Amino acid sequence: MKAGRNEPCPCGSGKKYKQCCINATSKQHSDVLDDIAQTVAMNPNLTLEELNLVAQKKMAERNNRPSADFCGLTPTQMANWLYAPLDDLEWLTISTPEDISSSPVMRYLTLIFDEAMQNNGSFKATSKGNLPATLVKQAGDLLPEFAVNQHRTNISISEFSGINEDKFNALHYTRILAEISGIIYLRSGRFHIKKTAQNQYEKQGIQVFFLPMLKAAISKYNWGYLDSWQNDVDLRTFWVFMLWRLQSHGSVDQLIEEVSTAFPDLLRQLIPEEFFSPAKLLHLLIEIRFIEHFLQFWGFVVADPKRIFDKEPIPRKVSIQPLLTHTFHFSIKDR
C-alpha cells in the first residue's frame, strides 16, 4: 500500500513520508513514466488496457532489476529486507546454532536462569531493581571466555564487566531483552522467571530462548537506549542489508559507504553538529548501535576498539565470528 504524503515514512525514520523518502520513490515513478512515454511514442494506437499492461510490465521489470546502489539487490529484494516481519524474510535463514556458549548475551541469560532455578524460580533484586552483585560478578568473570577479550580494555570502561549492572552494559542489555521477551519480570523486589520459561529451560536448555531473544533485539529493543546521541535514526529497518554487507567483507568503512549510497535519505535526517558531519554521525551510530551494542554483545563479531595509530585513523574492520555464520545464512550471492 502506498504511503500518504503526511503518513509516517515506511523507512522507519519517524518523519512524514513527504519529508523523507518520497523523493526517491518519485524518481522511480518518473523513470517508469519515461519508459512508458517512449513506448507510447513508438506505439501511439495502444488502448487503455494495453497501456495498463505496459505500465505493469515496466514497473515489474524495474522492481526486479538489480541495482548497483543496492549492491546488486533488486528493489523487490530490498523491500522485503526492509519491511517484512522476521518470519517472512526471504533469501535469509535464521537458525539456532548447536553451540551458543560464545554468545555473551546467552551466557548471561544462563546465569539469570540458574540463579532463579536455585531459589524456586526467583531471586532478590537490588534496591534500584537491578541484578544482584553476586550475579554481576559471575557475569564479569566470564569475560576471558569471550572472543571480545582479545581486545580487553580498561576494566572501568569495559562493557563486558562492572561492579554493578548500571556499569555493565552487556549484562544490562541482556536483562532488558529477557524482560522484553517475556522471560523474566520484576515484582515485589524480586526477579521471577515465568513458569513456562522454567519448564522450557529444564526440558530444552538455554537454546530455546536464542531466537525469541534475537527477535526482541531486532524488532522490540530501542537501539539508542544505551547511548546519548541526540541525532536519531532507526537503524533496525536496515539491519538485514547491513548484516549481509558486513558478513561479506568485514569492513566498517565500506559498510558505511554502502549504506549511505543505498539510503541517502539517512544522511539528510541527521543534523550536523560542531565536530560531526552527517556522514560522521551515521558512521558513529552504525558502529555503536549496530556493531558494538548488537553484533558484539551477541558474539557475532569482534570489533577492535582502536581507532587511531601513530596519529592516523585506522581502517575499521570487524572479525566475523563462527556464531554469526552459523546463525544467519544468506542465499543471495555477493555481486
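Find the accessible area per residue for region 221-335; the probe is 1.4 Å, ligands and nucleic acids are left out, and the unit is Å².
It amounts to 46 Å² per residue over region 221-335.
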For region 98-174, what is the convex hull volume of its Cα atoms per residue in Å³?
-> 89
For region 104-226, with +1 on Lys and Arg beta carbons and -1 on Asp and Glu, the positive-most of Ser188, Ile176, Ala139 along the dipole = Ser188
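DSSP loop chymotrypsin sites (Phe, Trp or Tyr not before Pro) in region 146-239 with at most 15 other Cβ atoms within 10 Å of their Cβ, which ones?
On the way: sites: Phe146, Phe160, Phe168, Tyr173, Tyr185, Phe191, Tyr201, Phe209, Phe210, Tyr221, Trp223, Tyr225, Trp229, Phe238, Trp239; in loops: Phe146, Phe160, Phe168, Tyr221, Trp223, Tyr225, Trp229.
Sites meeting the loop and neighbour criteria: Tyr225, Trp229.
Based on the alpha-carbon gyration tensor of region 160-264, what equivalent-ellipsoid semi-axes (square roots of 5 times the eigenvalues) come out, in whole Å, largest first? Numbers along the way, then the final one.
Working: eigenvalues 198, 65, 32 Å².
Those come to 31, 18, 13 Å.
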Alpha carbons only, please: Rg and Dmax for region 185-335, in angstrom.
-> 18.1, 55
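Which value, in Å², gives the accessible area per residue of region 73-154 when a 1.4 Å probe is used on the protein heavy atoms? Could the numbers behind the result be given before it?
Working: 3980 Å² over 82 residues.
Per residue, region 73-154 has 49 Å² of solvent-accessible surface.
Quote the relative contact order of region 203-293 in percent (integer), defining contacts as alpha-carbon pairs under 8 Å separated by 6+ residues. Before the final figure, lay out the partial values.
Details: 46 pairs, mean separation 25.1, N = 91.
Rounded, it is 28 percent for region 203-293.
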Carbon plus sulfur, as percent of the 1.4 Å-probe accessible area of region 170-231, comes to 48
When each of Lys137/Lys280; Lys167/Lys306; Lys195/Lys215; Lys280/Lys317; Lys128/Lys194 is checked by Cα-Cα distance, pairs over 27 Å | Lys137/Lys280
Ordered by packing density, taken as the mean number of other Cβ atoms within 10 Å over each peptide's residues, highest first, how do 81-91, 110-120 rank?
-> 110-120, 81-91
With no solvent and one point per C-alpha, what does the Debye sum give as log10 I(q)/I(0) for region 228-313 at q = 0.16, 0.20 Å⁻¹?
-> -0.64, -1.01
Principal axes of region 66-218: Cα extent on each, largest first, Å | 55, 40, 29
Residues whose built amide H sits under 5 Å from the amide H of Leu92, excluding neighbours closer than 5 in sequence, are Ser331
For region 213-263, the percent of all C-alpha pairs falling in each 5 Å bin, from 0 up to the bin holding the max distance, is 4, 18, 23, 22, 23, 9, 0
Which cross-chain or sequence-distant (5 or more) residues have an amide H under 5 Å from the amide H of Arg190, H modelled 1.01 Å from N in plane?
-> Ala125
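The values are calculated or read from the model by the stated rules, or taken from the named source; none is laboratory data. Here the structure is a predicted model, which means the values were calculated and not measured. Heads up, the Cβs are rebuilt from the backbone with ideal geometry, glycines too, and the neighbour counts pull from every protein chain shown. We work out accessible area using only protein heavy atoms, side chains counted, and drop any ligands, DNA or RNA first. Shrake-Rupley method; radii C 1.70, N 1.55, O 1.52, S 1.80 Å.
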